[in-house]
Structure formats: structure tokens, C-alpha cells
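The values are calculated or read from the model by the stated rules, or taken from the named source; none is laboratory data. None of these values were measured; they are calculated from a predicted model. Every residue, glycine among them, receives a Cβ derived from its backbone with ideal geometry; neighbour counts consider all protein chains shown. For accessibility, only protein heavy atoms count, side chains too; no ligands or nucleic acids. Shrake-Rupley method; radii C 1.70, N 1.55, O 1.52, S 1.80 Å.
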Amino acid sequence: MTVIDYRQLYVGGTWSDPATARVIDVHSPTTEALIGSVPRGTEADIDAAVAAARSAFDDPEGWANWHPKRRGEMLEQFAAELETRGADTAARVSMQNGMPIWLAQQFEAGFPPLLLRYYSDLMNAAPAEEPRAGMLGGTALVSRRPVGVVGAIVPWNVPQAISFLKIAPALAAGCTMVLKPAEETVLDAFLMAEAAAAAGLPAGVLNIVPGGREVGAYLVSHPGIDKVSFTGSTVAGRSIAETCGRLLRPVTLELGGKSAAIVLDDADLAASIEAFFAATLLNNGQICWLNTRVLAPRSRYTEIVDAITDLAGSLSVGDPLDPATKVGPLVSSRQRERVEGYIAKGKQEGRLTTGGARPAGLDQGWFVEPTVFADLDNDATVAREEIFGPVLTVIPYGSDDEAVAMANDSNYGLGGTVWSADQDRAVDIARKVRSGTVGVNHYTNDPVAPFGGIKESGMGRELGPEGLHAFQVLKTIYLPPAV
Ligand code: NAD
């Protein structure tokens, strides 16, 4: 396989030489071979990127002051250029992080253009200024202004879609940005940069600097940044929140999760098994909102454990570029070690019903069998901590109230699902689950509605109008009473 090689960074609207000759090498999680190499961004590259974003934002004739319609036309160009590269983008993500290609086509190729169009339309539909008749005789003109220069930091698990949860609303709002992709998934970010350049995005509106956590931390604390938007681990989120707290810098944090799937005693899991798979084991178990804690009624516990065991045991594990593959490799050997550590712990805490090992015949790559643990309680380590791999725990409960209490007994609060033949009953339970989002008989992040977490899953929301407001500040102009 040819090695994808980039030598320059997309900063200030052009391809420019990086400050140093250091590189990030990307290895395939499937073959372990070197598949790409890009410049490793440094503090000096962040300085250049923030300066470019700052000058683009501060330009009185620039992006922030364009009519939303004009920005929308430019974002439509960007969407079209992304679509031209969609198949390549999906393949690049899949070969870097092991995401099954059919999923990469939906999430990584499909979602970004959709988000750009959604936020352009939303911005165009919003009133520029809302006059409010005052109680004291005057009038207040209330508007939303772009928050400024955004520092965005993203993880490797769904790199394009997560980036565009930030890029689409930020650019539609009139912000400019510096994006720092994760080291594991830098190659797709260069396709994004090529699309931005081909679309003719004005210089400095979007700047992309790949690098590690030190570069991310430097971006967060940079004096030229007005707002931070972060998706990643709770550990990193806490450290970023501390920095932003000290600097009084607004921040949105999308962090980890350990969401519960509450299977009610009337649920027909067999009828919704595809949706159940998507809610629990999608992307090789590497999505923050996955429902990896399955709560099953005692009255049907054995049957539900068997159904989930059959599901996990039947999934085809292999090359993520093969459209028939349901579960690809984990992103890295480090991630597999972490997941295998939890599997060892799970074997002490519960009963392994399927998986628990490396799949036979896949000697190369960071593969782990889809794994299910039963006969354990909500206090087990594997039921409390985010594993970020294809590992499910199935925990018995007695009453509906007990199921809700167990779902809520978590440090996290990001996703969740309720499975039932009776939608009203399921919605009633969903209302009681303390979490940012809950699905009924499926789980999908619809662009129109806010997505995000509570507790250690983060703060702030992405998607929906709320995701646009996250990149805006309110401004009031007081007009005197008419004479
Ligand atoms: P990570 O936090 O280690 O890294 C994520 C990104 O942050 C990377 O770009 C990394 O370089 C950067 N980073 C790490 N530490 C930093 C710091 N102190 N300051 C600034 N930047 C820093 O997470 P990961 O292991 O790459 O990703 C997996 C985690 O992300 C999981 O916990 C998962 O739940 C979470 N996640 C959350 C969501 C969500 O929307 N809530 C979505 C995807 C992933």
C-alpha cells in the first residue's frame, strides 16, 4: 500500500511549511503497516494558525461581518467539495481507526455536508436583531454575535463528524477556527483541508494543525482564542476545564459515557436487533454514547443474555474496508491493551458469555472479539468505567424503578435507551433517566436536537440551534424612549 505523505499544513488559507521537520506517522490498525505521514504541529504552528484565524475574524470586511447568506454560499461550496472527496474520506477514516467502511460512509462522508447545510440554513433563518419593547420606555435590540476565534480539539473515534459538529455551526455563526485533530486520525483531516482550499474559504477562516496533547493544551490556553470546543476523554476535559476556568474562557465539553440500555419486560429485542446493535456495539464499541450497560428484567434475564450473546457472537470481525465487516480492529495496540485489561477484570467480576479473546485467524491488527459479561451488578468495574471497546455488561434488575435508579447510578450521563413494545411506557421511563439524551427502541443523534452530557460526560450542547448558540454571544443595544 502506498504511504500517504503530506509535507505542509493548511494554515492561513494556504499550504505552508511547518515550523519543524517533525512528523506524525500513522499505522493501520488492521495490518499494523505504516500508511501515512504528516507534519507534527508544534506551538509555533499553533501561533501561526491562531494569528491567521484572529486576523480573519478581526477584519471589518471579513468572514464575521459577511451576510449569513454569503457565508452560506461559501459553506455550500465547502459541502460540495467534501462530497467530491466523500469516498476517499470514508476509506481514510476506516483505514486509520478501524471504523467499518459502511459506517464511515454514513458518519464520516455523509454527516459533514449535511451539517454545513443545516447550520447555514439555520443561520439564514435566524433574525439578525430582535427588537424588544422595553418596560422602561425604550427598546432593546438583541442579537447573537459570533463568539470569536474557536480552538477545536477532536478525538480519533469519529474524526470527521465530530469535527463538523464544531466547524459547521462555528463557521455559519461567523467564527474562525483552529482545529487540532487527534494523532491517530490525521490523514482524513488533510482531505478536509483540501476541500476547504478548493471551496475557496477565505484565508484564516479554518486552520488545521495536527498534534498531540501538549499542542492541544497550548491551543486551549492561547491568548488569541475566545472559545474552546473539546470532544474527548473526561480526564482531558477536566484539565481543559481547569484552564478555561482560570482564563474565564467559554468551553464546550463532550466527554465520556457509560450509558444504560434499559430493556423493559415487554421488549421484543429480536425485532429491533439491528437497532440494538447500533446502540451498543457500533464502531467497534468506540463511541462515547454507546449503551454498554444493558439492564435486563430478572423475569427475562436468561433469555435476554442469550439474545445479546448470540448477537455479539454472530458479528463478523475483520478488515474494516470489507463492506461485510461489522466489527473492525480497535484504533491502536494501546487501546486494545486497555480493553483487554477490562476483559480480564470482567472475568473476575462476572460470567463471560461470549468473546473475551483475540479472534482466531486475525494475527495482525488490534482485534478483540465482541464480548459479553452477565451475572454481575452495577457496582462492577466493567459496569462503571468506560471501556471504549466491544464489551457489554448485562445486569439484572427487579422493578422499573430499580432499572431507572441503576441507570442513574453512574458518574456519566450522556446517552441511554429504553426498549419496550409500549412506546408511552418507554418515554415515561426515558424522562426519568438522568442523561443528556435517551433513545426509544433505537438511538440516533438527529442534527435538529441538542446532544451532550451531564455529570462527567461534559457540559454544553452540540447539534440543534443550541449547537449554533454555543458559538455565539448575546449582545444588547439599548435605544432610548421615543420623544
Ligand atoms: P483524549 O482525551 O485522550 O484525546 C482527545 C483529543 O484531545 C486528542 O486530539 C488529544 O490530542 C487531545 N488532548 C488530550 N489531552 C489533552 C489536553 N490535556 N489538552 C488539550 N488536548 C488534549 O481522548 P481519546 O482517547 O482520543 O478519545 C476517546 C475518548 O473520547 C473517550 O473517553 C470518549 O468517550 C470520548 N469521546 C466523547 C465524545 C462525546 O461527544 N461526548 C465523542 C467521542 C469521544
**Which numbered condition ALA430 fails, given (1) surrounded by 18 or more Cβ atoms within 10 Å (Cβ to Cβ); (2) touching a helix residue (DSSP H, G or I) at 6+ places or on another chain (Cβ under 7 Å)** = (2)
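Taking only the range 171-197 into account, find how many residues are within 14 Å of the ligand (Cβ to nearest atom) and surrounded by fewer than 24 Cβ atoms within 10 Å (Cβ to Cβ).
Total meeting the criteria: 2.
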**Asked** When the range 432-455 is examined, which residues are found to be away from the ligand (no atom under 16 Å from the Cβ) and closer than 18 Å to ASP265 by Cα?
**Response** LYS432, VAL433, VAL440, ASN441, HIS442
**Prompt:** Quick one: VAL263 ticks every box in (1) of a type outside the set (D, E, K, R); (2) away from the ligand (no atom under 16 Å from the Cβ); (3) open to solvent by 10 Å² or more (accessible area, probe 1.4 Å); (4) in contact (Cβ under 8 Å) with a residue 12 or more places away in the chain bar one, so which box is it?
**Reply:** (3)
**Complete:** Exactly one of THR14, THR2 is open to solvent by 70 Å² or more (accessible area, probe 1.4 Å) and within 12 Å of ALA203 (Cα to Cα), and that residue is THR14
**Asked** Out of all the residues in the range 272-310, which are surrounded by 23 or more Cβ atoms within 10 Å (Cβ to Cβ) and touching a His at 6+ places or on another chain (Cβ under 9 Å)?
**Response** PHE276, ALA279
**Complete:** Selection from the range 200-250 of residues away from the ligand (no atom under 12 Å from the Cβ) and of a type in the set (Lys, Arg) yields LYS227, ARG246, ARG249
**Message:** Pairs needed: first member in the range 284-306, over 10 Å from ASP265 (Cα atoms); second member anywhere, aromatic (Phe, Trp, Tyr) and within 16 Å of the ligand (Cβ to nearest atom); C-beta distance under 6 Å; at least 6 residues apart or different chains.
**Reply:** GLN286/PHE388
**Request:** Have a look at LEU179, LEU171, LEU191 and point out the one that is closer than 24 Å to LEU463 by Cβ and not in a helix (DSSP H, G or I).
**Result:** LEU179
**Request:** Could you run through the range 144-170 and say how many residues are in contact with a strand residue (DSSP E or B) (Cβ under 7 Å, 6 or more places away or on another chain) and either within 15 Å of the ligand (Cβ to nearest atom) or open to solvent by less than 10 Å² (accessible area, probe 1.4 Å) (or both)?
**Result:** 14
